[in-house]
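Everything below concerns the one structure shown next.
The values are calculated or read from the model by the stated rules, or taken from the named source; none is laboratory data. Since we're looking at a predicted model, the values are computed, not measured. When we count neighbours, we look across all protein chains shown, and the Cβ atoms used for this are built from the backbone with ideal geometry, even at glycine.
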Amino acid sequence: MTDLLVVGYGNDLRSDDGAGRVVAETIDEMGLEGVEVRSQSQLTPELALLVAGRERVVFVDANVDATELTRSVVAPGPPGGGPMTHHGDPASLLSLVGNVGDPPGEAIVFSIPASNLEMGFELSEATAAAVERAIAEIVELSRAPRPS
């Protein structure tokens, strides 16, 4: 099992909404030691199996309410919009982890600002800049001491 799991998610057919997946795929291409990456359309309950027992988990997603890249610690909690079915969030996914194993030592959410959700593959300029900052911060996290 790796030290760090990066889960980037979003709809990569809707411009900025795919930012989390762009981050994940770029991190994956870097081949960082001790880092495992998943690029997903959405968070699903099955991911609890991958999250269980990790030292650190990073979730990366686009957020239309964000005006800049934000990074926050997330804890297990109730589902944000009802039962976790097809549109889960990190807190509700973490709440499932105890059913299959130990919770991660640390869970972090990177929210990338998104303004263009039209059909397409290109990121807006602001989103692309935030993606680059998120990649740099995740690379730094991969080299940081493990949570205790």
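A compact table of results
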quantity	calculated
Single residue of GLY88, GLY81, GLY98 found to be buried (at least 22 other Cβ atoms within 10 Å of the Cβ), over 14 Å from ILE138 (Cβ atoms) and at pLDDT below 95	GLY88
Residue within region 29-39 that is touching a strand residue (DSSP E or B) at 6+ places or on another chain (Cβ under 8 Å), without any contact (Cβ under 8 Å) to a residue 60 or more places away in the chain and of a type in the set (D, E, K, R) present	yes
Residues located in region 104-142, provided they are more than 24 Å from GLU68 (Cα to Cα) and either free of Cβ contacts under 8 Å to residues at least 40 places away in the same chain or surrounded by fewer than 19 Cβ atoms within 10 Å (Cβ to Cβ) (or both)	GLY105
Residue check for VAL23: more than 17 Å from PRO104 (Cα to Cα), hydrophobic (A, V, I, L, M, F, W, C) and crowded, with 17+ Cβ neighbours inside 10 Å	yes
Residue check, VAL60 in a strand (DSSP E or B), touching a residue at least 12 places away in the same chain (Cβ under 8 Å), crowded, with 20+ Cβ neighbours inside 10 Å and under 15 Å from the mean Cα position of the chain (by Cα)	yes
Filtered residues of region 63-72 (kept if part of a strand (DSSP E or B) and either of a type in the set (Phe, Trp, Tyr) or out of contact with any Asp or Glu (no Cβ under 7 Å at 6 or more places or on another chain) (or both))	ASN63, THR70, SER72
Any hit, region 19-28, residues being touching a Ser or Thr at 6+ places or on another chain (Cβ under 8 Å), polar (S, T, N, Q) and in contact (Cβ under 8 Å) with a residue 24 or more places away in the chain	no
Enumeration of residues in region 25-47 that are assigned to a helix (DSSP H, G or I) and among the aliphatic types (A, V, I, L, M)	ILE27, MET30, LEU47
ASP89 farther than 23 Å from ARG133 by Cβ and among the acidic types (Asp, Glu)	no
